[in-house]
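Report on the structure given below.
The values are calculated or read from the model by the stated rules, or taken from the named source; none is laboratory data. This structure is a prediction, so every number in the text was calculated from the model and none was measured. Please note: Cβ atoms are built from the backbone with ideal geometry, for glycine as well, and neighbour counts cover all protein chains shown. To get the accessible areas, we keep the full protein, side chains included, count just its heavy atoms, and leave off ligands, DNA and RNA. Shrake-Rupley method; radii C 1.70, N 1.55, O 1.52, S 1.80 Å.
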Amino acid sequence: SQQGEEDPQALSIQEGENATMNCSYKTSINNLQWYRQNSGRGLVHLILIRSNEREKHSGRLRVTLDTSKKSSSLLITASRAADTASYFCATDERSGNTPLVFGKGTRLSVIA
Amino acid sequence: GAGVSQSPRYKVAKRGQDVALRCDPISGHVSLFWYQQALGQGPEFLTYFQNEAQLDKSGLPSDRFFAERPEGSVSTLKIQRTQQEDSAVYLCASRQGGYNEQFFGPGTRLTVL
């Protein structure tokens, strides 16, 4: 079963706009990670945020984490056509060295 | 440096055939995970190794699925008597330590006819 849910399921924006994707999860976590997946390809790790962190930046990416609401958001600023992909959040449960639990993903389309 | 590699990238099998999928993790990575990704869904956990020990196989959908990592590096996921519902992308990931990011391979797309 999948723990998280990304919202929205699909998002279409113009190049240069910002894209915001949200993720909710169910259990206590050790960290939360965001991955990108281009069609037919493997997952590329974007950013990891630990449970004691509230915000993290990496280039054009900004991730927030609200453990009280069990939610996270991924913001991509100044989007490019090359950002078109599916984006997944994945959580590591607090109980130890456990596998990642993924949501169903947000399919982002950036139109040039 | 080399990332995680998987082979074959694509596999077409007739129903009832056995298949073997290979994963070469990043050198030195202790943990290795297998995931199954159905079309339009996120990856779902199958099994996990720490070195050669299979510590968790709770995600394997049936006893037709078997995984091994005999020397603590390369891993093989075997599916016996494949069924159409086994059609999916099989992803392998490795991780250096317990709480770091997982690095994924490109996946093997299995189609069972």
Residues in region B:47-54: is at least one in contact (Cβ under 8 Å) with a residue 60 or more places away in the chain, facing chain A (nearest Cβ under 9 Å) and buried (at least 21 other Cβ atoms within 10 Å of the Cβ)?
no
Pairs under 6 Å by beta carbon, first residue over 24 Å from B:Q102 (Cβ atoms) in region B:1-26, partner charged (D, E, K, R) and surrounded by fewer than 13 Cβ atoms within 10 Å (Cβ to Cβ), six or more apart or different chains?
B:G16/B:R81
Specify the residue that is nearest to the other protein chains (Cβ to nearest Cβ); the eligible residues are those in region A:57-112 that are closer than 26 Å to A:K26 by Cβ and among the acidic types (D, E).
A:D92
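When the residues of region B:79-113 are filtered to those that are part of a helix (DSSP H, G or I) and open to solvent by 10 Å² or more (accessible area, probe 1.4 Å), which remaining residue is farthest from the other protein chains (Cβ to nearest Cβ)? Before you say what the answer is, go through the steps one by one.
Narrowing region B:79-113 to residues part of a helix (DSSP H, G or I): B:84-86.
Those still in the list that are open to solvent by 10 Å² or more (accessible area, probe 1.4 Å) too: B:84-85.
On the way: B:Q84: 20, B:E85: 16 Å.
Top of the filtered list is B:Q84.
Can you tell me which residues in region B:19-32 are within 11 Å of chain A (Cβ to nearest Cβ) and either within 19 Å of A:S39 (Cβ to Cβ) or open to solvent by 40 Å² or more (accessible area, probe 1.4 Å) (or both)? I'd like the intermediate steps shown before the answer.
Narrowing region B:19-32 to residues within 11 Å of chain A (Cβ to nearest Cβ): B:30-32.
The answer is B:V30, and nothing else.
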Candidate set from region B:55-78 (those that are over 11 Å from the mean Cα position of the chain (by Cα) and not in a loop (DSSP other than H, G, I, E, B)); member that is surrounded by the most Cβ atoms within 10 Å (Cβ to Cβ)
B:D56
Within chain A, strands (runs of 3 or more DSSP E) holding 1 or more residues that are without any contact (Cβ under 8 Å) to a residue 24 or more places away in the chain, more than 21 Å from B:A38 (Cβ to Cβ) and open to solvent by 40 Å² or more (accessible area, probe 1.4 Å):
A:43-50, A:55-58, A:61-66
B:Y35 vs (1) within 11 Å of another protein chain (Cβ to nearest Cβ); (2) more than 16 Å from A:V101 (Cβ to Cβ); (3) surrounded by 22 or more Cβ atoms within 10 Å (Cβ to Cβ): all pass except (2)
Only unsatisfied item for B:G40, checking (1) part of a loop (DSSP other than H, G, I, E, B); (2) closer than 25 Å to A:L48 by Cα; (3) more than 9 Å from every other protein chain (Cβ to nearest Cβ), is (3)
